[in-house]
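So the structure is just underneath, and the comments pick up after that.
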Amino acid sequence: MVRRVEATPAALELIERLKSKHGPLLFHQSGGCCDGSSPMCFPRDEFMVGDHDVLLGEIGDTPFYIHEKQYDYWKHTQLIIDVVDGRGGMFSLEGVEGKRFLGRSRVFTEEERDALKHEA
């Protein structure tokens, strides 16, 4: 099965730590400037998903949404969520941990693109 979003072991570890402190989480990437261009992590019950958000998948049992305009731009790639030292978005939960989530990507192979067409 081809997944549109994956997470590194370090990101999954941080997600688990944040879930233990904040309960169920949700990721959102709007594609706007500044904070919006990074994956943002929120308590699930404190973020309202919009009509123009696409569920990309789940990482660490946590839904990951992306704005449809960003989805159109990135749909040919797999988004890989990693974590690095530093401060991220000021509203994203990981900031107080001295970490920030970072999105990396890789282009799907032709076989993966074919498989994704059959899922839709």
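Summarising the amide proton neighbourhood of E6: residues at separation of 5 or more, or on other chains, whose placed amide H is nearer than 5 Å comprise L79, I80, I81. For K99, the residues whose modelled amide H falls within less than 5 Å of its own, excluding neighbours fewer than 5 places apart on the same chain, are G86. Each Lys or Arg adds one and each Asp or Glu subtracts one; over the other residues with Cβ under 14 Å from the Cβ of K21, this totals -1.
Sorting M48, M1 by solvent-accessible area of protein heavy atoms yields M1, M48, largest first, with a 1.4 Å probe.
The phi-based Karplus calculation (6.51 cos²θ - 1.76 cosθ + 1.60; θ = phi - 60°) puts the 3J(HN,Hα) values of the range 104-109 at 10, 8, 9, 6, 5, 6 Hz, whole numbers, x for Gly and Pro. You can think of it this way: the chain between R87 and E68 has 4.2 nm of extra reach, that is 0.36 nm per residue less the Cα-Cα gap.
Checking (1) 86; (2) 103; (3) 134 against the coordinates, the calculated volume of the Cα convex hull per residue in Å³ falls under label (2). Taking Cα atoms only, the orientation of helix 110-119 departs from the longest principal axis of the chain by about 80 degrees.
The alpha-carbon of K75 sits under 12 angstrom from the alpha-carbons of these aspartates and glutamates, leaving out residues fewer than 8 places away in its chain: E112.
Of all lysines in the structure, those lying under 29 Å Cα to Cα from K21, and not within fewer than 8 positions of it along the same chain, are K99.
Each Lys or Arg adds one and each Asp or Glu takes one away; over the other residues whose Cβ falls under 13 Å from the Cβ of H52, this sums to -3. Rounded to the nearest 10 degrees, the angle from helix 9-22 to the longest Cα principal axis of the chain is 50 degrees. What FRET efficiency comes out for the pair K21/S105, r = Cβ-Cβ distance, R0 = 30 Å, nearest 0.05? It comes to 0.60. Suppose a student asked you for the relative contact order of the chain, using Cα pairs under 8 Å spaced at least 6 residues apart; what percent would you report? Relative CO of the chain lands at 29 percent.
The values are calculated or read from the model by the stated rules, or taken from the named source; none is laboratory data. All values reported here derive from a predicted model rather than from experimental measurement. Heads up, the Cβs are rebuilt from the backbone with ideal geometry, glycines too, and the neighbour counts pull from every protein chain shown. Note: areas computed on protein heavy atoms with side chains; ligands, DNA, RNA excluded. Shrake-Rupley method; radii C 1.70, N 1.55, O 1.52, S 1.80 Å.
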